[in-house]
Amino acid sequence: MKAAAYLYKNEKIENSTDVDGLDNSKCQLVFGFGNKELLLNNNMFKQLRQNFPVANIAMCSTAGEIFNYEVLDDSLSVIAMEFEKTTIKSASVNISSYNSSFDAGADLISMIDQSDLKYIFVLSDGGKVNGSELVRGIESLVQHKIPVTGGLAGDGTNFLSTLVGLNQQPESGNIVAIGFYGDSIKISHGSMGGWDMFGLEKTITRSVSNELFEINNVNALDIYKEYLGKYANELPGSALLFPLSIKLSGVEDSIVRTILSVNNENKSMVFAGDVPEGAKVRFMKANFDKLIDAASDAANNSIVQFNAEPPKISILISCVGRKLILGKRVDEEVEAVKNVFGDKTIISGFYSYGEISPLHINTKCELHNQTMTITSFNEI
């Protein structure tokens, strides 16, 4: 396996990492994570196609790009892979063709040949697609027998529209799946949050999809404002500092849900993912050092699956909420990952509107918010 990473700015390569002598003409897979305005420029995709004539090229817009040690904006972080023994197959759908995100996810996976399939990487529109339903649709077919990771595209802090593309100019509404085949590919994953929980565990008693109305039969927004204290006056912006821990029925571990907006008229909260009735919830608050430590923990969980050998490639997908909260310290969570892997690992990635990953080995994939999610690759 050979790999290289490239950082594009203003349609030109500004930085690169190539330790193997990658042959562009033989490259089978290219990921491009970039600023939306840059992806809207058709020359960007044409340039990648010219540079990698036979590769599957998957691209998505971001809320920030990751390249090596750095977190950037207004750039395109590209990682190219040339496999010796691994086969790559891809598929794409658009949410406009389906009645639900569940159906889109299930149909997308049905297009991927299941024979000798070892792993699936997913990039999805982050605005039009319900990420929770998408993941449930995917899981309805793979049934946690095939690991699935990936993320939802971003649009900076605008939250207007996102772009995803497979072997074509990126467009709104697209969902892409990349299948990896053969016994030689080795892929690991890790996903951690690093938030402090506070308050007693409560139960969601009224909700619709991703909109929460009542907890313990009491208005949820009133409870939330009571817990926030002085920060309640800064809503909805302060909500990023106080996400919700959700424990689903029959699932041991909790997942994190980011609050996207509050509706004072309905006295409800809208989340970046479903908050089902009957789920157990606790409030959470930001701890800067723990957020950075969680990125390191995610890397360590990933590398354990390689028997402590550093991976060849690692794709980091972190949440836009973490980027906004960490502010000038945001580079530190990427540096924490790099410190675990060392200089032999090529790192690329992006800040997303949602992360897709199992919490543990051999468990189903979930939609996460506010996590650092890592997918690492080796070929033997």
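Table: residues versus (1) assigned to a helix (DSSP H, G or I); (2) over 15 Å from SER191 (Cβ atoms).
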site: PHE283; (1), (2): no, yes
site: ILE325; (1), (2): yes, yes
site: GLU335; (1), (2): yes, yes
site: LYS344; (1), (2): no, yes
site: ILE356; (1), (2): no, no
site: GLN370; (1), (2): no, no
site: SER376; (1), (2): no, no
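Looking at segment 330-346, which of the residues that are hydrophobic (A, V, I, L, M, F, W, C) and touching a helix residue (DSSP H, G or I) at 6+ places or on another chain (Cβ under 8 Å) is most open to solvent (accessible area, probe 1.4 Å)?
Only one residue fits best here, namely VAL340.
Have a look at GLY278, GLY349, GLY327, GLY273 and point out the one that is out of contact with any Asp or Glu (no Cβ under 6 Å at 6 or more places or on another chain), within 27 Å of TYR224 (Cα to Cα), of a type in the set (Gly, Ala, Ser) and surrounded by 17 or more Cβ atoms within 10 Å (Cβ to Cβ).
Exactly one of GLY278, GLY349, GLY327, GLY273 is out of contact with any Asp or Glu (no Cβ under 6 Å at 6 or more places or on another chain), within 27 Å of TYR224 (Cα to Cα), of a type in the set (Gly, Ala, Ser) and surrounded by 17 or more Cβ atoms within 10 Å (Cβ to Cβ), namely GLY273.
Taking segment 55-69 as the region of interest, how many residues are modelled with pLDDT of 95 or more and farther than 21 Å from GLU171 by Cα?
Residues meeting the conditions: 2.
Scan segment 1-13 and report the pairs whose first residue is under 30 Å from TYR181 (Cβ atoms) and open to solvent by 60 Å² or more (accessible area, probe 1.4 Å) and whose second residue is of a type in the set (Gly, Ala, Ser) and assigned to a strand (DSSP E or B), with Cβ atoms within less than 6 Å and a gap of 6+ or a chain change.
Within 6 Å, no pair qualifies.
Those residues that are open to solvent by 10 Å² or more (accessible area, probe 1.4 Å), in contact with a helix residue (DSSP H, G or I) (Cβ under 7 Å, 6 or more places away or on another chain) and either hydrophobic (A, V, I, L, M, F, W, C) or farther than 15 Å from ASN369 by Cα (or both), I need them from segment 130-148; list them, please.
ARG136, SER140, LEU141
Please go through (1) part of a loop (DSSP other than H, G, I, E, B); (2) of a type outside the set (A, V, I, L, M, F, W, C); (3) free of Cβ contacts under 8 Å to residues at least 40 places away in the same chain for ASP289 and return the number of the only condition it doesn't satisfy.
Status for ASP289: all satisfied but (1).
So, in segment 356-380, how many residues would count as being closer than 27 Å to GLU82 by Cα and among the acidic types (Asp, Glu)?
Within segment 356-380, residues that are closer than 27 Å to GLU82 by Cα and among the acidic types (Asp, Glu) number 1.
Does GLU265 satisfy being part of a loop (DSSP other than H, G, I, E, B), over 30 Å from ALA3 (Cβ atoms), open to solvent by 40 Å² or more (accessible area, probe 1.4 Å) and not small (Gly, Ala, Ser)?
Yes.
Does LYS118 fit the bill of being assigned to a strand (DSSP E or B), open to solvent by 20 Å² or more (accessible area, probe 1.4 Å) and in contact with a Phe, Trp or Tyr (Cβ under 6 Å, 6 or more places away or on another chain)?
So LYS118 fits the description; yes.
Show me the strands (runs of 3 or more DSSP E) entirely contained within segment 1-80 in which 1 or more residues are of a type in the set (Gly, Ala, Ser).
Strands (runs of 3 or more DSSP E) meeting the threshold: 2-9, 12-18, 29-34, 56-61.
Find the residue count for segment 242-253, including only residues that are touching a Gly at 6+ places or on another chain (Cβ under 9 Å) and open to solvent by 40 Å² or more (accessible area, probe 1.4 Å).
2
The values are calculated or read from the model by the stated rules, or taken from the named source; none is laboratory data. As the structure is a prediction and not an experimental result, all values here were calculated from the model. All Cβ positions, even for glycine, are placed from backbone atoms using ideal geometry, and neighbour counts span all protein chains on display. Note: accessible area is taken over every heavy atom of the protein model, side chains too, but ligands, DNA and RNA are not part of it. Shrake-Rupley method; radii C 1.70, N 1.55, O 1.52, S 1.80 Å.
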